[in-house]
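Structure record follows, encoded as structure tokens.
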Amino acid sequence: MRILIILTYYKPYKSGLTIYAQRQAEALAELGHEVSVLTSQFDRNLPASEFDNGVKIHRLPVAFRLSKGVVMPQMPFKAWKLISQSDIVNCHLPQADAAAAGLLAKLQRKPLVSTYHCDIEMPEGIINKLAGWGARLANYICARLSDAVVHNTRDFAEHSEFLSNFLDKLTVINPPIVVEEISSEEIDQFLTKYQIDPGKKIIGMVARLASEKGVEYLVEAMPKILKSFEDAQVVFVGNYQDVIGEGAYKEKIMPMIELLGDHWKFLGIVSETEKTAFYKICDVLVLPSINSTESFGMVQVEGMICGAPVVTTDLPGVRQPVKSTGIGKIVRIKNSQALAEGIIQVLDSSYVVPEGTAISLKEEYSPKRVARSYESLYENLLGKNG
């Protein structure tokens, strides 16, 4: 099959959406399919086209940005050409160009799949609100035109104001998750490099420093946690310096974090091997997200595979990994008191992830298995379309 995947950001940009799309694309390529990605040249230093891990990447120049979105004037022309060379089109939503991509796919009578990741919540300001409204409309048009809509869980779909309109088209496919095997020596190297004391209670968080991640609730929870575990330290992995569209949030949250001193440590973006080492040293992994811009949280499953119990908020979709495995606690949204109590309970109980559960999760969420599910969906749609 010749598969075209369209999305706003792709590798090397790091987010749950881009990691999902990259793993999906590369796994489909490994199965022998011809996979192309159409995306933005969000960084002008990136090549306009390249072949990477079996995937042909096409990047379009960005004329200007609207909040977290981008405007690419060349998009319709390049999309038309690539769609004509493809058997099936898969758009990853949300994206501002979704309506145009969907319309062009239908004009060429190509099967269209929308993979919906999360709802949109825009920052304050009239420009941001207009951009959000436009993106929602574009996503709605694309999903309406789609032959199938994919999401991680039915739980999120049924509670989503957007996805609940398309339950008749819904196909549930697990997100692709990869956890590298590492040695004890590599864990020791990680601890030394980042000067982390393994004797402390490590509270891990993997995210961008973004408003929807609920970082402030973990910050507010720390004084209560420190009364029970005076050596507790938050170790934060992910981009915290130049997150697109989150400048105001950073200015708000950083003074709060600085008051915690050595009880909070930023590592920034780390390699996949280092991230595995990070999970291995976590006494608890925390996901305090606050709204439906978080729809699953792949880091939860990554952490569980590495033996880390999870404390997560009671959001549709997001609660499913803990709910299905029992490895951790589900707490109320936007509630630092409940978050602190959940973390303390996990730290007190010394949760142990059964080895069999970790092996089962690794297989259930493997990119190859996910790619096979997409392959089956694509073949079914191609058969229906003759």
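The values are calculated or read from the model by the stated rules, or taken from the named source; none is laboratory data. No experiment lies behind these values; they were computed from the predicted model shown. Because the Cβ atoms are built from the backbone with ideal geometry, glycine has one as well, and the counts that use them run over all protein chains shown.
Structural remarks
- Within region 243-254, not a single residue is assigned to a helix (DSSP H, G or I), modelled with pLDDT of 95 or more and outside the structural domain of residue 8 (by TED's automatic domain parsing).
- Failed condition for residue 184, given (1) surrounded by fewer than 19 Cβ atoms within 10 Å (Cβ to Cβ); (2) touching a residue at least 12 places away in the same chain (Cβ under 8 Å): (2)
- When region 149-166 is filtered for residues that are among the hydrophobic types (A, V, I, L, M, F, W, C) and farther than 26 Å from residue 299 by Cα, only 166 remains.
- Some residue of region 359-369 being more than 27 Å from residue 195 (Cβ to Cβ), under 22 Å from the mean Cα position of the chain (by Cα) and part of a loop (DSSP other than H, G, I, E, B): yes
- Count of region 261-272 residues which are crowded, with 16+ Cβ neighbours inside 10 Å and either farther than 23 Å from residue 223 by Cβ or touching a Gly at 6+ places or on another chain (Cβ under 6 Å) (or both): 1
- A single member of 314, 231, 262 is under 26 Å from residue 199 (Cβ atoms) and touching a strand residue (DSSP E or B) at 6+ places or on another chain (Cβ under 9 Å), and it is 262.
- Options 29, 100, 21: the member that is farther than 21 Å from residue 173 by Cα and either in contact with a Lys or Arg (Cβ under 7 Å, 6 or more places away or on another chain) or small (Gly, Ala, Ser) (or both): 100
- Within region 94-116, the set of residues being at pLDDT below 95 and of a type outside the set (A, V, I, L, M) comprises 94, 95, 97.
- Applying the condition of being β-branched (Val, Ile, Thr) and part of a loop (DSSP other than H, G, I, E, B) to region 280-336 and asking which residue is surrounded by the fewest Cβ atoms within 10 Å (Cβ to Cβ) yields 333.
- Evaluated against (1) under 20 Å from residue 36 (Cα atoms); (2) among the charged types (D, E, K, R); (3) touching a residue at least 60 places away in the same chain (Cβ under 8 Å), residue 155 falls short on exactly one condition, (1).
Okay, residues lined up against (1) of a type in the set (A, V, I, L, M, F, W, C); (2) free of Cβ contacts under 8 Å to residues at least 12 places away in the same chain:
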| position | (1), (2) |
| --- | --- |
| 2 | no, no |
| 11 | no, no |
| 23 | no, no |
| 36 | no, no |
| 63 | yes, yes |
| 81 | no, yes |
| 85 | no, no |
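- Residue 7 being farther than 23 Å from residue 295 by Cα, among the aliphatic types (A, V, I, L, M) and outside the structural domain of residue 210 (by TED's automatic domain parsing): no
- Residues that are within 30 Å of residue 324 (Cβ to Cβ) and among the acidic types (Asp, Glu) do occur in region 285-299.
- Test: residue in region 40-58 that is aromatic (Phe, Trp, Tyr) and more than 28 Å from residue 174 (Cβ to Cβ): no
- Listing of helices (runs of 4 or more DSSP H) fully contained in region 148-234 that carry 3 or more residues being under 15 Å from residue 286 (Cβ atoms) and within 26 Å of the chain's Cα centre (by Cα): 215-228
- Residue within region 227-234 that is surrounded by fewer than 23 Cβ atoms within 10 Å (Cβ to Cβ), small (Gly, Ala, Ser) and under 23 Å from residue 249 (Cβ atoms) present: no
- Elements of the type strands (runs of 3 or more DSSP E) sitting completely within region 53-95 and holding at least 1 residues that are assigned by TED's automatic domain parsing to the domain that holds residue 295 and surrounded by fewer than 14 Cβ atoms within 10 Å (Cβ to Cβ): there are none.
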